[in-house]
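The values are calculated or read from the model by the stated rules, or taken from the named source; none is laboratory data. A quick note: this is a predicted structure, and the numbers were derived from the prediction, not measured. Positions of Cβ are backbone-derived with ideal geometry, glycine not excepted, and every protein chain shown enters the neighbour counts.
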Amino acid sequence: MSFVQLLFNGFALGMAYALVALGFVLVLNAVNAVNFAQGDLVMAGGYMGVAFASVLPVPAIFMLPVVMAAVALIGLLLSLVAYFPIMRRPPAAVFISTIAFGVILQNSYRLLFGPEAHAVRPLFESGTWELGTLIVSKQAAAIIATAAVLMGIQYVVMERTQFGRRLRATAQNQSMAAALGIPVRLMIAATFAAGAALAGAAGLMLGNQFLVHPIGGVNLIITAYIAAVIGGWGSLAGAVLGAMLIALFQVIVSAYVSYTAATAMLYGVVLAVLFFRPQGLLGRGEARRV
């Protein structure tokens, strides 16, 4: 496989990872605590795709709005049962409660779908295009296009709408936002829902090639966390950059060495970033770790 083809595949994987990381950082900024159920919400999107495929004989792209809405409701439930009751407690209590919520999701998947892995339909169609010597996966191209649209929508909502400005104000200072008449709890709940919707979309995209299984979200929450650390804690652009770097590293480096060696090297890079630039590539020096 040529380097250009590896680069393309890595970019497609990075776009899906970026959706996971964006949702992770949205919640992180809103509540200053880590949502460790984010990876399990990715699996929720994948399992929704599996479930809907039995009643909707259409490509997965047509299921995307329904899947995102359904997983957004799970994210809303997460905020109601795992965040709001303990929102005044230390951040450690929140990420423990989100871990518990994630374990509940994992066992729910096992009860409903069994322990085996499942494949989701491709977004449009399977197969490849041959562009000279370059073989392009149709699924990878669809992931890039779909994720780009979703990230564009997320940017416009956050930067160009009143709703987005309220979300950002809540993330920056909850007390000040409340004083300005912004419904802080509603904004936080909306952030959980939005972060979950992005995770669900990523699950629908990744579930075709990488399959979905009950504990498949564990590696994805680690990926999202590392992306946030590399890119800059709390930086949305940094989350995208970090996710891209991780995916490119996994795809390109593992093509030349074993996947185990590539993973070890990746964590070595993470340690180097923490040592030489602890605030992350796009982060600021005053950023805090949770």
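Please enumerate the residues belonging to region 34-57 that are in contact (Cβ under 8 Å) with a residue 40 or more places away in the chain and assigned to a loop (DSSP other than H, G, I, E, B).
Scanning region 34-57 gives VAL34, ASN35, PHE36, ALA37.
Among (1) out of contact with any strand residue (DSSP E or B) (no Cβ under 9 Å at 6 or more places or on another chain); (2) surrounded by 15 or more Cβ atoms within 10 Å (Cβ to Cβ); (3) closer than 20 Å to ASP40 by Cα, there is one condition GLY232 misses while meeting the rest; what is its number?
(3)
Which one of the conditions (1) under 20 Å from the mean Cα position of the chain (by Cα); (2) surrounded by fewer than 24 Cβ atoms within 10 Å (Cβ to Cβ) does LEU112 fail to meet, given that it meets all the rest?
It is condition (1) that LEU112 fails.
Output the residues belonging to region 104-135 that are hydrophobic (A, V, I, L, M, F, W, C), closer than 30 Å to VAL55 by Cα and touching a residue at least 12 places away in the same chain (Cβ under 8 Å).
Within region 104-135, LEU105, LEU112, PHE113, ALA117, ALA119, VAL120, LEU123, PHE124, TRP129 qualify.
Select from region 115-136 the residues that are part of a strand (DSSP E or B), modelled with pLDDT under 90 and under 25 Å from the mean Cα position of the chain (by Cα) and list them in ascending order.
VAL136
In region 81-93, is there at least one residue being part of a helix (DSSP H, G or I), of a type in the set (Val, Ile, Thr) and free of Cβ contacts under 8 Å to residues at least 40 places away in the same chain?
yes
Which of (1) at pLDDT 95 or above; (2) crowded, with 23+ Cβ neighbours inside 10 Å is the odd one out, the single condition ALA30 does not satisfy?
(1)
Regarding LEU211, is this residue on the phi > 0 side of the Ramachandran plot, surrounded by fewer than 23 Cβ atoms within 10 Å (Cβ to Cβ) and in contact (Cβ under 8 Å) with a residue 60 or more places away in the chain?
The answer is yes for LEU211.
Taking interchain pairs and intrachain pairs at least six residues apart, which have beta carbon atoms under 6 angstrom, with the first residue in region 261-290 and over 19 Å from GLY234 (Cα atoms) and the second assigned to a helix (DSSP H, G or I) and at pLDDT below 90?
The qualifying pairs are ALA262/SER254.
Of all residues in region 250-262 being assigned to a helix (DSSP H, G or I) and surrounded by fewer than 15 Cβ atoms within 10 Å (Cβ to Cβ), which is farthest from the chain's Cα centre (by Cα)?
The extreme case among them is TYR256.
Residue-wise test of (1) over 28 Å from GLN106 (Cβ atoms); (2) modelled with pLDDT of 95 or more.
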| position | (1), (2) |
| --- | --- |
| ALA190 | no, yes |
| LEU198 | no, yes |
| GLY234 | no, no |
| VAL240 | no, yes |
| ALA243 | no, yes |
| PHE249 | no, no |
| TYR267 | no, no |
| VAL273 | yes, no |
| GLU286 | yes, no |
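Please specify each residue of region 263-283 satisfying the condition of being polar (S, T, N, Q) and within 21 Å of GLN250 (Cα to Cα).
THR263
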